[in-house]
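Participant: So that we are looking at the same thing, I have put the structure below in structure tokens.
Values in this text are rule-based calculations from the coordinates and carry no lab data. Here the structure is a predicted model, which means the values were calculated and not measured. For neighbour counting, all protein chains shown are included, and Cβ atoms are generated from backbone atoms with ideal geometry for every residue, glycine included.
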Amino acid sequence: MKRRFLATLLAGSMIISSLTGCQKTADQTKGDTTSAASKAVKGEDISSPEQAAQEAEYKDELHIGYKIEPATLDTMLISDAPARVVSYGSIYEALVTMDEEFKVREELCESYEVSADAKEYTWKLRKGVKFHNGEEMKADDVVASMNRWVEHYGNAKAMVGDSQFEKVDDYTVKITLDEPAAFLNELIATQTQGSVIMPKSVLDDPDPETGAVKSYVGTGPYKFGEWKEGSYIRLDRFDDYQPYGTEGETSGWYGYKSQLTKTVYFDIVTDVSTRTTGIQTGEFDVVTEMSSDDYQMFQSTEGLQTWKELNGEWVIVYNKASGLTQDVNIRQAVNAIADPTEILTAAHGSSEFFRVEVSFMPEETANWFTDAGKENAHRVDADLAKEYLAKANYNGEPFRILCASNDINLTNAAVALKAELESIGMTVEMVTPDWTSYSTYRSDPSKYDVFFAALMPVAVPSLQLFLSPTWAGFTNDQKIFDMVAQMNQTSSLEDGQKIWDELQTYCWNESLPATKLGSVFLYNVYNEKVDNFVFFCSGPIIGNMAVRK
């Protein structure tokens with residue numbers, strides 16, 4: 001017997017934790033951020049995005065001042081936010097996606113089914129969907145993309161094992177698993193490491209040295225135009241885009257994309273003062289991740305709007321594969337002295353922009369929010385930290401903190417942690433590559449002992465990156481893997497919560513793959529002439545965004 005996945009599998013509430021998501025976590029100030037342009041065109045006899053833009057008198061260009069240049073736009077190879085922010089939902093789409101309440105919604109599939117035992121998933125593909133290279137998307141492309149995703153994403157490999165995605169016919173794809181996987185669609189939709197669909201022809205001809213694709217080709221409303229290194233990434237409207245859903249209705253990553261803007265620029269502006277000047281002068285229509293020091297100023301500036309959002313969960317991730325932090329006593333020493341309030345204040349300024357938390361799942365995920373393990377969280381105890389250093393026979397060896405040199409938040413956090421560690425007698429070095437090299441450093445266990453991460457919220461805790469053996473930090477604890485597998489295979493919310501409480505307690509008290517500091521809020525600023533402004537999971541949703549002339 002088969003049925004729609006969300007109907008009964010886990011009584012809905014287990015799959016969809018009550019995560020209010022990144023989109024409406026905090027209020028949007030000054031003005032109506034609802035879909036004004038979609039309202040303007042909904043119901044009108046408009047035959048094309050160009051005509052819609054002309055009738056609404058929109059500018060051809062949208063300029064987004066973005067603080068970090070991605071290392072690549074091949075999102076299957078990297079979990080860093082910049083690649084996802086620029087490309088997901090714009091260049092690329094996926095089989096299923098997430099709405100603002102973190103519910104799974106169909107995107108490139110028109111429907112999906114899951115067997116009663118959660119061992120077989122089947123997706124029926126939309127017909128007539130075109131890639132940017134003119135090819136029609138079919139099952140061969142989906143199979144090639146999804147199997148490549150499994151190959152490169154440890155959490156996906158852990159969930160599906162040796163199973164492979166298979167073609168049933170040109171418009172049907174399935175996977176048959178050896179063990180139940182209650183959260184496979186959630187993993188696909190979350191986009192922590194992109195399960196995006198690319199043409200098989202592109203995937204069959206990767207760069208022989210890096211394995212990355214040579215061209216960025218997807219099915220999204222915008223195609224890759226130009227990347228001028230250090231300056232901008234340009235996306236151009238894809239005229240053969242096939243929208244889905246109901247015109248004027250969007251939620252999170254899901255929904256109809258009207259393509260009201262012809263060309264979108266992600267202008268790379270690492271200096272926050274330059275982004276500030278740019279939004280004030282009109283050089284940029286949108287700027288991201290602005291300084292907390294300027295929040296009140298922007299709120300009172302005529303013609304500008306602010307949007308405050310949950311950015312993610314800040315954690316200290318320990319390198320378990322190499323160096324000092326292979327020793328759990330060193331990890332416990334860092335955990336014992338790390339002061340979350342001090343570190344988050346250094347990184348984000350006012351407490352208005354962070355919330356100290358013990359739970360590895362944020363407060364917004366009510367079904368998974370727990371203080372299990374709190375007895376070993378946020379101790380801020382120098383004597384205890386020194387006891388752990390003695391157990392580790394620490395003798396002044398350099399302790400290395402990895403951070404991107406052009407990310408001021410990471411740098412300030414690293415400086416604060418460095419001072420705390422030095423206060424207990426540790427020798428500390430900061431390893432500071434620029435952002436384009438940061439992910440390469442982070443993937444090399446010989447380069448560092450710890451790094452900070454702002455983890456995107458996930459629907460269920462088993463999807464947390466720091467629990468994965470293949471993600472940076474290289475968790476290697478079999479007990480963690482066993483409990484993650486149990487959680488993925490459970491079929492009731494109560495059982496899942498029990499496993500999660502046990503796993504979080506084990507992480508805090510014994511294994512310590514990471515130290516949770518808290519949840520962080522960032523804010524973005526946009527010109528009041530921007531219609532359909534939406535941010536979701538750290539990035540702008542550009543499919544309906546446009547600037548009035």
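Participant: For GLU249 and ALA212, calculate 0.36 nm times their separation in residues minus their Cα-Cα distance, and state this gained length in nm to one decimal. Mind showing how you got there, number by number?
Facilitator: Numbers: separation 37, 0.36 × 37 = 13.32 nm, distance 3.45 nm.
Here the segment from GLU249 to ALA212 would lengthen by 9.9 nm.
Participant: Here is a follow-up. Label-point separation (nm) for ASP371 and GLU429, each offset 7 Å from Cα along Cα-to-Cβ?
Facilitator: Computed distance between label sites ASP371 and GLU429 equals 4.1 nm.
Participant: Can I ask one more? Counting other C-beta atoms within 10 Å, which of SER538, SER90 has the fewest, and how do the rest follow? Provide the component values of the computation, followed by the final result.
Facilitator: Working: SER538 21, SER90 24.
Least crowded to most crowded, the residues run SER538, SER90.
Participant: Can I ask one more? With a Förster radius of 35 Å, plug the Cβ-Cβ distance of GLU136 and ASP482 into 1/(1 + (r/R0)^6) and report the FRET value to the nearest 0.05. List each step's numbers first, then the result.
Facilitator: Details: r = 43 Å, r/R0 = 1.23.
Result of the calculation: an efficiency of 0.25.
Participant: If you don't mind, there's one more thing I want to ask. Calculate the translational D of segment 175-330 in whole µm² s⁻¹ from Stokes-Einstein, where the hydrodynamic radius comes from the Kirkwood formula applied to all Cα pairs, the temperature is 10 °C and the viscosity 1.306 mPa s. Walk me through the intermediate numbers first.
Facilitator: Numbers: Rh = 20.4 Å.
Estimated diffusion coefficient is 78 µm²/s.
Participant: Just to be sure I understand the model, the point goes 7 Å from the Cα along the line to the Cβ. What's the resulting ARG379 to SER405 distance in nm?
Facilitator: Once both label points are built, they end up 3.6 nm from each other.
Participant: Further question: For segment 356-407, state which trypsin sites (Lys or Arg not before Pro) are in a DSSP loop and have at most 14 other beta carbons lying within 10 Å of their beta carbon.
Facilitator: The qualifying sites: there are none.
Participant: Only counting other Cβ atoms within 10 Å, I'd like PHE451, PHE266 sorted with the fewest neighbours first.
Facilitator: Details: PHE451 25, PHE266 28.
With the sparsest Cβ surroundings first, the list reads PHE451, PHE266.
Participant: Right, something else. With no solvent and one point on each alpha carbon, what is the Debye value of log10 I(q)/I(0) for segment 310-520 at q = 0.13 Å⁻¹?
Facilitator: -0.68
Participant: What percent does the relative contact order of the chain come to when contacts are Cα pairs within less than 8 Å and at least six residues apart?
Facilitator: Values: 1228 pairs, mean separation 129.8, N = 549.
Computed value for the chain: 24 percent relative contact order.
Participant: Now for a different question. 7 Å from Cα along Cα→Cβ at both SER446 and GLU494: what's the point-to-point distance in nm?
Facilitator: In this crude label model, SER446 to GLU494 measures out at 5.3 nm.
Participant: Give a quick list of trypsin sites (Lys or Arg not before Pro) in segment 213-290 that DSSP marks as loop, anything other than H, G, I, E or B, with at most 12 other Cβ atoms within 10 Å. Write down the numbers at each step before the final one.
Facilitator: On the way: sites: LYS214, LYS223, LYS228, ARG234, ARG237, LYS257, LYS262, ARG275; in loops: LYS214, LYS257, LYS262.
Taking segment 213-290 and a limit of 12 other Cβ atoms within 10 Å, the loop trypsin sites (Lys or Arg not before Pro) found are LYS214.
Participant: Given the Cα-Cα distance of GLU226 and ASP117 and 0.36 nm per residue of separation, how much length would full extension add, in nm?
Facilitator: On the way: separation 109, 0.36 × 109 = 39.24 nm, distance 4.62 nm.
Here the answer is 34.6 nm.
Participant: If you don't mind, there's one more thing I want to ask. Treating cross-link reach as a plain straight distance, find the aspartates and glutamates whose alpha-carbon is under 17 Å from the alpha-carbon of LYS138, omitting any fewer than eight places away in the same chain.
Facilitator: GLU93, GLU106, GLU107, GLU110, GLU166, ASP169, ASP170, ASP204, ASP240
Participant: With only alpha-carbon atoms in the gyration tensor, what are the semi-axes of the equivalent ellipsoid for segment 68-119, in Å, largest first? List each step's numbers first, then the result.
Facilitator: Details: eigenvalues 141, 30, 22 Å².
Semi-axes from the Cα gyration tensor: 27, 12, 10 Å.
Participant: When the scattering of segment 292-414 is computed by the Debye formula from its Cα atoms alone, each counted once and equally, what is log10 I(q)/I(0) at q = 0.13, 0.19, 0.20 Å⁻¹?
Facilitator: Calculated log10 I(q)/I(0) at the listed q: -0.68, -1.21, -1.29.
Participant: Also, I was wondering about something else. Given (1) 145; (2) 134; (3) 399, which label gives volume of the Cα convex hull per residue in Å³ as computed from the coordinates?
Facilitator: Evaluating volume of the Cα convex hull per residue in Å³ on these atoms matches (2).
Participant: Among the lysines, which fall within straight-line cross-link reach of LYS498, defined as a Cα-Cα distance under 25 Å, with same-chain neighbours fewer than 8 residues apart omitted?
Facilitator: Qualifying lysines at Cα under 25 Å: LYS103, LYS119, LYS157, LYS374, LYS479, LYS516.
Participant: Working out 0.36 nm times the residue gap between VAL168 and GLU302, then minus their Cα-Cα distance, what length gain in nm do you get to one decimal? Could you put the intermediate results ahead of the total?
Facilitator: On the way: separation 134, 0.36 × 134 = 48.24 nm, distance 5.67 nm.
In short, 42.6 nm is gained.
Participant: About the Cα centre of the chain, what is the dipole size in debye to 20, counting +1 per Lys and Arg Cβ and -1 per Asp and Glu Cβ, all else neutral?
Facilitator: Numbers: 49 positive and 84 negative charges, 65 e Å.
Approximately 320 debye in magnitude.
Participant: Cut-off under 20 Å on the C-alpha distance; same-chain residues fewer than 8 positions from LYS529 excluded. Which lysines are left, in chain and number order?
Facilitator: Here the lysines satisfying the reach criterion relative to LYS529 are LYS30, LYS39, LYS42, LYS59, LYS257, LYS262, LYS308, LYS549.
Participant: OK, next. Going by how many other beta carbons lie within 10 Å of each one, how would you line up THR192, THR436, fewest first?
Facilitator: Numbers: THR192 23, THR436 17.
Starting with the residue having the fewest Cβ neighbours, the order is THR436, THR192.
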